1. Arrange 175, 449 by Cβ neighbour counts within 10 Å, fewest through most, would you?
2. Under a point spin-label approximation (7 Å from Cα along Cα-to-Cβ), what is the residue 438-residue 29 distance to one decimal in nm?
3. Given R₀ = 45 Å, what would the calculated FRET efficiency be for residue 588 paired with residue 647, taking r from the Cβ atoms and rounding to 0.05?
4. Tell me the label-point distance for the pair residue 581, residue 226, using the 7 Å Cα-to-Cβ offset, in nm and rounded to one decimal.
5. For residue 248 and residue 613, calculate 0.36 nm times their separation in residues minus their Cα-Cα distance, and state this gained length in nm to one decimal.
6. Which of 165, 91 comes first, and how do the rest follow, when ranked by fewest Cβ neighbours within 10 Å?
7. What ranking do 583-594, 268-279 get when scored by the average of other Cβ atoms within 10 Å per residue, highest first?
8. How would you order 139-147, 323-331, 688-696 from highest to lowest mean count of nearby Cβ atoms within 10 Å?
């Protein structure tokens, strides 16, 4: 199998730049290699005669010109584009007159006769001065060059993909059409027929190629419309129609040319409409389509409105064709901006940096030429001044443009460090996950961000940059980020490098935190052993020797010691065990106070594991509420109901006593309720006092960790405690 040759984007872009310079130089050469009278000619709209505003030897104020070299002038002799004439016969007559006028102007001297009979003898210059070229010439040359170079820039980085090829073809068509028109539309009076006719054909060829390429672009991008055979058939028929019109194989080729431009516009609009339907549910494709369509429609519809449509209807162009070509430059300026903001053809950021670099080089050449031609400065001095101007003006502007287009708001090192530190030292898993989500949102502003079960070992890009995968760490889950910058772009290699740097920092901090935590755990285990072996043993001995009324207090103290020891050793407890212990303890306390307890045995929760800080604070809050009930409620029966709502534990405690009245949620005798509320708030929970017909009603809500699901059984259970 033959190996496909891979071309260097830099080499292709340099070759395209040289070709563009060659085409621009050809425009200048053919425009300047013409006889020059030095007359500013225009058409008097009232009389239809040609007027010279420049002074003549015997007519300092100029005047209406009746003839040149004995040949009477007509208003159509100054028409910019012969295709705007009424018929093929009128165009052929125009071309014949252009040849005759050019032959007369090529003489050493020519007689110019004014309408009043005054005759002035002029000696045409063999070459036209460059400074006499009108602004419309430069508008057309620059519009063609911009279209060609932007198209080449896209194609150089994706030379084997369909959409960039069509886009490049449109740039070629624009440059061929604009550069050919620049020569004949900016002539002083006449061009030789052997030059004018090929230029007119080149203009028509470029116009047809542009329309054909833009149609092909929207048939293939962002989505491929129809089948490949249908796309080829549409483009083949359109190319054949343009060729027939170009070869004058139809009775009125002028109408055919502008009619085909209208057909191109209809096909482009139809393809855009079909793309709108095809990109539903695809934010990236819809964004690319919106920007491409807007840029193309502004230029092409604008040109049709001011030039194509009036001529097709038998009138005159509203705006000079030379200036109307500037509308096509809008297309490529807009697409160049859209490329950097929305990745219309998915180019890397280094492509944009290369474009800015080449822009600086081109600007130096342009400034150098202008300084030499306009100010007559020496070449060395001009080059030095050009370098200074680029350094002081272009480079700062380039950085500004980069930030506004390709550059995104990237977190600096301090912000990244603060965000990663907050995740690594989060007080609990839920808080750590929320802090990670916030950091990723600040880094990339994704349109979608979801937790996934399995992620890669390192950050990775998938789906051509639409998705970034974030791996799981010790305390945070794997994440999937889709469509960064709220769907306005794709992830790049720079974003992937930023994600890897953030992950490396996070893992480093988590490792340091684990080392610190292991040292703290060893110290807590030592304290736990001392409490269990010394304090616990003495309390147990004292409980057997103490009087009966003191034994419940000692029993509760032993229970607290066991809880504290369990917490110090990092023991986890299941929710059903914690609730079971609380129920058993509450039954004994209420019985001693003469209060009945209504707490169904099946209200015991599930088997999910709770960390020490959760079950310790939950037990302390519940005991405080039971103590308040015993001391202040004056109740005969207490009611406890427990339920789980998703990952939220809800406990409701009620009694049939006198109630708290206006004192809720305060406690007149101390800070018990306030402390309970603070404990729950620290865990993300809350305490509420719903209204009750009799007695007091208290509701505790507390977020819980998600239950563990075994992959084999798919049922909720809890792994063994460490």
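1. 449, 175
2. Calculated label separation equals 6.7 nm.
3. 0.90
4. Simple spin-label model gives 7.6 nm for this pair.
5. Values: separation 365, 0.36 × 365 = 131.40 nm, distance 8.95 nm.
Full extension from residue 248 to residue 613 adds 122.4 nm.
6. Sorted ascending by nearby Cβ count, the order is 165, 91.
7. So the peptides 583-594, 268-279, ranked by packing, come out 268-279, 583-594.
8. Highest mean packing first, the order is 139-147, 323-331, 688-696.
Just so you know, all these numbers are worked out from the coordinates, no wet-lab data involved. Small disclaimer: the values here were computed from a predicted structure and weren't measured. Because the Cβ atoms are built from the backbone with ideal geometry, glycine has one as well, and the counts that use them run over all protein chains shown.
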